[in-house]
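In what follows, a structure is listed as structure tokens, so that the remarks can point back to it.
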Amino acid sequence: NNNNNNNNRRHHGGPGNEDAMYPVVLDASETPPREFHERYEAKCIPVVIRNVPYGGAMKPSTDYVVNDDDSHQSNNTRDDDAMEEEKKECDCTGGSFHQTYSNGQQQRQQPNEGEWPAVRRWAIDALATDPQLSERRLKCGEDDDGYTIRMKLRHFMDYLRNNRDDSPLYIFDATFDEDKLAKRILEDYTVPRYFDEDLLGLVGERRRPPHRWFLVGPCRSGTTVHIDPLATSAWNTLVHGAKRWVLFPPHVPKTVVKGRKLILPGEDDEAIHYFTTILPRMKRRAAAARGAEDDLYADFECYEFTQFAGETVFVPHGWWHAVLNVTHTVGITQNFCSRRNFDEVWAQTRSGRKKMSCSWLRRLGERYPDLARRAVELNRRDGFVMWEDDPVEQGKWRRKKAEKERKKKEKRERKKEEESKAKKKQSSKKEKWGEHRTTERREGECDGDVVMREVSPDY
């Protein structure tokens, strides 16, 4: 199994990096949290931790590894052939990848002690008929104007099975914990012990930025290349299915990661297109740039691997990443701040979330005085003034708030005026028939429609 996991990873980089193979593969039954924190998280090394949702007690079994030689062979030269194989993996209508994986999933019959309820409850068939979740509306995308698209879970599961879209919709919902029934999802999993320190939780769930997402994705769906906000790190546990990942170290420029100069007119940057077309172009461009000093691709590095059910991926802060679902998948992901990335998170939060950071600093002083002192030290070092101590920023905030309130008031007044007009129009239609005809007749007489004339006696 360890050999299969090692062969599953592909590294593409310049000279001097040939021996680097990320992510490091660990097992939850053999790796204590302290070792993970000191050897990997503190050094910003990507990691895959196996068997977390199974309670960390189950030893790996060959039934859970897809023994598809084409999808696991490490090959740094035949990139086009490799991507062709990944295109085949994305075909959920059949093929050895999907069939072997499905058969492996069916081998587990008895739950282990400490196993997540999600292992059973989040199966594809189970989700479609879940009495608490099937009728809940979850976010599965945005329209062209940026408005959220929501769909009942049972309808989405039908879509998942039957769609043939090139880039399908993808449930990526961060508000399930606000729904009285959907918040049961929180009971279906447990935050892995490696990530149970989340310092941003001190400000409370209502004030902190979105940080956890429930994921249900059809094959061919995914997320485009991105970096997690506010310098947070992330963990992503896959309960069912298989995902293809690509990671870029922080030193790789954003322009290179996005492949902006390699995207042709009319092409999009959807996940499926990124993995099958743009990424191979980037790797060929990087191969041509080896040895060049002034080329953006001279220090290019990326790491590709496939995540299987039961595996948890740790993405350190600052690492760019993109994900493609190569089968139907269900999982959970959370962003977090620990002592290991506190400096970076604080530097971004104090300017990106100015008011929240003031509250956070007070909570740190109450619970973790050493971190509060560290935050003050970083502010002093950088010459940063907190929002509470900056009258200029407070003035800007007050003006912005007043402008926002003014627009809200104008909107309410317009709505009230429109409702008043509509009410008057409606009331005018409710006149009695007799009064209506009398009014119409009088108006006609005044307008000369009815002409009174004297008739000749000889008539």
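The values are calculated or read from the model by the stated rules, or taken from the named source; none is laboratory data. Keep in mind it's a predicted model, so treat the numbers as computed, not measured. Reconstructed Cβ throughout: ideal geometry from the backbone, glycine too, with neighbour counts over all protein chains shown. Accessible surface is based on the protein model in full, side chains and every heavy atom, while ligands, DNA and RNA are left aside. Shrake-Rupley method; radii C 1.70, N 1.55, O 1.52, S 1.80 Å.
Things to note:
- Under 16 Å from a label point set 7 Å out along the Cα-to-Cβ vector of LYS355, the amide N atoms of region 199-222 belong to 203-210.
- Pairs of Cα atoms nearer than 8 Å and 6+ residues apart set the relative contact order; for region 281-404 it is 12 percent.
- Above-threshold pairs, the threshold being 20 Å between Cα atoms, out of LYS354/LYS404; LYS258/LYS354; LYS355/LYS404; LYS355/LYS396: LYS258/LYS354
- The modelled label-to-label distance between GLN132 and ARG284, using points 7 Å beyond Cα along the C-beta direction, is 5.1 nm.
- Exposure rank, largest accessible area first [ASP143, ASP299; 1.4 Å]: ASP299, ASP143
- Two-site label geometry, ARG193 and LYS261: point separation in nm, points 7 Å out along Cα→Cβ: 4.9 nm
- Placing a pseudo-label 7 Å from each Cα along the Cα-to-Cβ vector at LEU378 and LYS254 gives an inter-label distance of 1.9 nm.
- Per residue value of the accessible surface for region 134-212 (all protein chains in place, 1.4 Å probe), Å²: 56 Å²
- Taking 32 Å as the limit for the C-alpha separation, the pairs LYS139/LYS401; LYS43/LYS283; LYS152/LYS261; LYS139/LYS408 exceed it in the case of LYS152/LYS261.
- Extension gain for ALA174-GLN394 works out to 76.2 nm (0.36 nm per residue, less the C-alpha to C-alpha distance).
- Surface share of carbon and sulfur [accessible, 1.4 angstrom probe, percent] for region 245-297: 48 percent
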